[in-house]
Amino acid sequence: MSEKQKTLIKVLLLVLVALDLIYSVIAFLFPEFWFKTIHGAPYIDPEGLLRRTGAVWVAFTLFQFIAYFKWQEHPYWLAIVAGLRLSELIADWTYLYFAQDITSSGRLGLLLSTPANLVICWFLLRSFLKLEEIREK
């Protein structure tokens, strides 16, 4: 595997850590901001579903953070992160379909997230398989 691809994996994992950390912090500490930005509506969430989603993002952050440090020695961490991202493939489009209020930026973000996660999954799984192939030689 080239140094360029290794660097790309490291950068991607750091970007994913930062993204999910930001989402987590907003969901837990600034839910009003989330609702205003994504829905253009006041924060009303008596069942705590946004914070539940924030907990999922905390888990994503943790696993991606571990993967950042472990993937070169244990390439299966790339497959783990790919699996996490795959679990989100239909979630955002489902959210977009059922949300009663959605801003233009919210719509754009939710529309782009599924193809982005698909590309990320493809890249991480391809990288994992390439590393496994190298290890078997």
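The values are calculated or read from the model by the stated rules, or taken from the named source; none is laboratory data. Source: prediction; values computed, not measured. Please note: Cβ atoms are built from the backbone with ideal geometry, for glycine as well, and neighbour counts cover all protein chains shown. The accessibility values were calculated without ligands, DNA or RNA, using every heavy atom of the protein model including side chains. Shrake-Rupley method; radii C 1.70, N 1.55, O 1.52, S 1.80 Å.
Just one of Tyr68, Tyr95, Tyr23 is within 28 Å of Leu8 (Cβ to Cβ), open to solvent by 50 Å² or more (accessible area, probe 1.4 Å) and more than 12 Å from the chain's Cα centre (by Cα); which is it? Among Tyr68, Tyr95, Tyr23, only Tyr68 is within 28 Å of Leu8 (Cβ to Cβ), open to solvent by 50 Å² or more (accessible area, probe 1.4 Å) and more than 12 Å from the chain's Cα centre (by Cα). Checking each residue in the stretch 75-90 for being outside any loop (DSSP other than H, G, I, E, B), surrounded by 17 or more Cβ atoms within 10 Å (Cβ to Cβ) and over 14 Å from the mean Cα position of the chain (by Cα) picks out only Trp77.
How about the stretch 30-57: which of its residues are surrounded by 12 or more Cβ atoms within 10 Å (Cβ to Cβ) and either hydrophobic (A, V, I, L, M, F, W, C) or in contact with a strand residue (DSSP E or B) (Cβ under 7 Å, 6 or more places away or on another chain) (or both)? Correct list: Phe30, Phe33, Trp34, Phe35, Ile38, Ala41, Leu50, Ala55, Val56, Trp57. The lone criterion from (1) modelled with pLDDT of 95 or more; (2) in a helix (DSSP H, G or I); (3) farther than 21 Å from Phe28 by Cα left unmet by Trp93 is number (1). Residues that are surrounded by 14 or more Cβ atoms within 10 Å (Cβ to Cβ) and more than 27 Å from Phe35 (Cα to Cα) within the stretch 107-124 comprise Cys121, Phe123, Leu124, listed in sequence order.
Just the residues that are out of contact with any helix residue (DSSP H, G or I) (no Cβ under 7 Å at 6 or more places or on another chain) and of a type in the set (Gly, Ala, Ser), please, taken from the stretch 1-53. Ser2, Ala18, Gly40, Gly48, listed by residue number. hydroxyl-bearing (Ser, Thr, Tyr), modelled with pLDDT of 95 or more and either within 19 Å of Asp20 (Cβ to Cβ) or open to solvent by 60 Å² or more (accessible area, probe 1.4 Å) (or both): which single residue out of Ser127, Ser104 fits that description? Going through Ser127, Ser104 in turn, just one is hydroxyl-bearing (Ser, Thr, Tyr), modelled with pLDDT of 95 or more and either within 19 Å of Asp20 (Cβ to Cβ) or open to solvent by 60 Å² or more (accessible area, probe 1.4 Å) (or both): Ser104. Name the pairs: first residue in the stretch 12-29 and more than 16 Å from Phe69 (Cβ to Cβ) and of a type in the set (Phe, Trp, Tyr), second residue in a helix (DSSP H, G or I) and open to solvent by less than 20 Å² (accessible area, probe 1.4 Å), Cβ to Cβ under 8 Å, at least 6 apart or on different chains? Pairs that qualify, where the first residue is more than 16 Å from Phe69 (Cβ to Cβ) and of a type in the set (Phe, Trp, Tyr) and the partner is in a helix (DSSP H, G or I) and open to solvent by less than 20 Å² (accessible area, probe 1.4 Å), are Tyr23/Gly54; Phe28/Gly54.
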